[in-house]
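Please treat every number below as a calculation from the coordinates, not as lab data. In this text, all values refer to a predicted model and were calculated from it rather than measured experimentally. Here the Cβ positions follow ideal geometry from the backbone for every residue, glycine too, while neighbour counts run over all protein chains shown.
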Ligand code: PSU
Ligand code: MN
């Protein structure tokens, strides 16, 4: 018997909505409990562990960042795909597995999620994939080091991180230290504006450049306390804008001293990437690793320091947001 178009659509919807046809997201018991009680939770990404830092600093940093989130009043939820299962909240053993897998784990952006799940693989989620999974379980706050952006020369290569489009379609607040000057910062901000993304400076009017406090670019608004930041997130949520927010937290001054040394390493690494024709999703990990080598580890130390600082601010905001919603 032939179905009418309307009946076919209804059948399709039923098919998509039925629980056996949706992918199971494994939420750690502690995270699940906090979410159901309306307590503060902070999502954390995992590409920074697998591709952003070498072992063992990546494992140590991952554990320390989780501890900082706890000390500041929230439950940490590191996001990854393990043996094909999307996980929100990892055990120490699972964190170690990702840290030791390193670049053997698949760098997983939004476009890669379905394939990593379908093939039962291990995926370290980037900002885009982490935002998506965090929003699926309704975590509104996510802390990382730096987001992706428009690559230099991006107007020709069209290498624009899917982090930016995700921010345009997924309502999660992302705490970061801005974007690295391996990227084109003014174009990154233009792209975020086009996507309708609010870019707030935390106690600053200027968008920070990851290793340094200043990029020469202004943010679209400024917040000066965790409570003010929580109100911004809540307004974005209540307005049902559907877009994410970038909360840019400048690197603490005492860790940004080596900024200009790092900048010259960035220039050299960019030149090498061009010569070796390293493009696509290999570009960011290559540049991060080369900059670390060229600065004799100084960039890694700054990177770790700023992630920890972001975790303090993000956890305080998550706690203020939970209080606001009580
Ligand atoms: N920037 C950093 N460290 C990182 C990344 C970016 O300073 O580890 C990672 C994040 O996971 C981010 C991803 O989401 O790289 C962006 O990669 P791409 O440029 O390929 O979109
Ligand atoms: Mn890219």
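The modelled label-to-label distance between residue 138 and residue 26, using points 7 Å beyond Cα along the C-beta direction, is 2.3 nm. Rounded to the nearest 10 degrees, the inclination of helix 127-136 to the longest alpha-carbon principal axis of the chain is 30 degrees.
Using only alpha-carbon positions, what ratio does the radius of gyration of the chain give when scaled by 2.2 N^0.38 Å? Can you show the working numbers first?
Values: Rg = 19.5 Å, N = 326, 2.2 N^0.38 = 19.8 Å.
Here the answer is 0.98, to two decimals.
The protection proxy used here, the mean number of other Cβ atoms lying within 10 Å of each residue, ranks peptides 204-216, 263-275, 143-155 as follows, highest first: 143-155, 204-216, 263-275. Would you please state the base-10 log of I(q)/I(0) at q = 0.20 1/Å for the stretch 162-224, with intensities from the Debye formula using one equal scatterer on every alpha carbon? Here the Debye-derived log intensity ratios amount to -0.75.
Expressed as a whole percent, the proportion of Cα-Cα pairs in the stretch 281-324 lying more than 17 Å apart is 51%. Secondary-structure-derived ellipticity at 222 nm for the chain, considering helices only, amounts to -14500 deg cm²/dmol, per-run term -39500 (n - 2.57) for DSSP H runs with n ≥ 4. Look at where the Cα atoms of the stretch 235-308 and of the stretch 142-211 average out, and the two centres are 11 Å apart.
Classify the stretch 69-163 as rounded, prolate or oblate, taking a ≥ b ≥ c as the square roots of the eigenvalues of its Cα gyration tensor: rounded when a/c is under 1.5, otherwise prolate if a/b is larger than b/c and oblate if not. It comes out oblate by the Cα gyration axes.
By DSSP, the beta bridges lying fully in the stretch 71-167 are antiparallel in about 70 percent of cases. Bridge orientation summary for the chain: considering DSSP beta bridges with both residues in this region, about 30 percent are antiparallel. Relative to the longest principal axis of the Cα atoms of the chain, the long axis of helix 226-238 makes an angle of roughly 40 degrees. Name the shape class, rounded, prolate or oblate, that the alpha-carbon gyration tensor gives for the stretch 98-240, where a ≥ b ≥ c are the square roots of its eigenvalues, rounded holds for a/c under 1.5, and otherwise prolate holds if a/b is larger than b/c and oblate otherwise. It is oblate, given that a/c is not under 1.5 and a/b is not larger than b/c. Spacing of the modelled spin labels on residue 324 and residue 205, each 7 Å from Cα toward Cβ, amounts to 2.4 nm.
One chain, two ends: residue 260 and residue 104. Fully extended at 0.36 nm per residue, the span grows by 52.9 nm beyond their Cα-Cα distance.
Compute the Kirkwood hydrodynamic radius of the stretch 129-183, taking the inverse of the mean of 1/r over all pairs of distinct Cα atoms, and give it in Å to one decimal. Spell out each step's value before the answer.
Numbers: mean 1/r = 0.0839 Å⁻¹.
After inverting the mean inverse Cα-Cα distance, the result is 11.9 Å.
Against the main long axis of the alpha-carbon atoms of the chain, helix 298-324 sits at an angle near 40°. With the convex hull drawn over the C-alpha atoms of the stretch 174-308, the volume per residue is 110 Å³.
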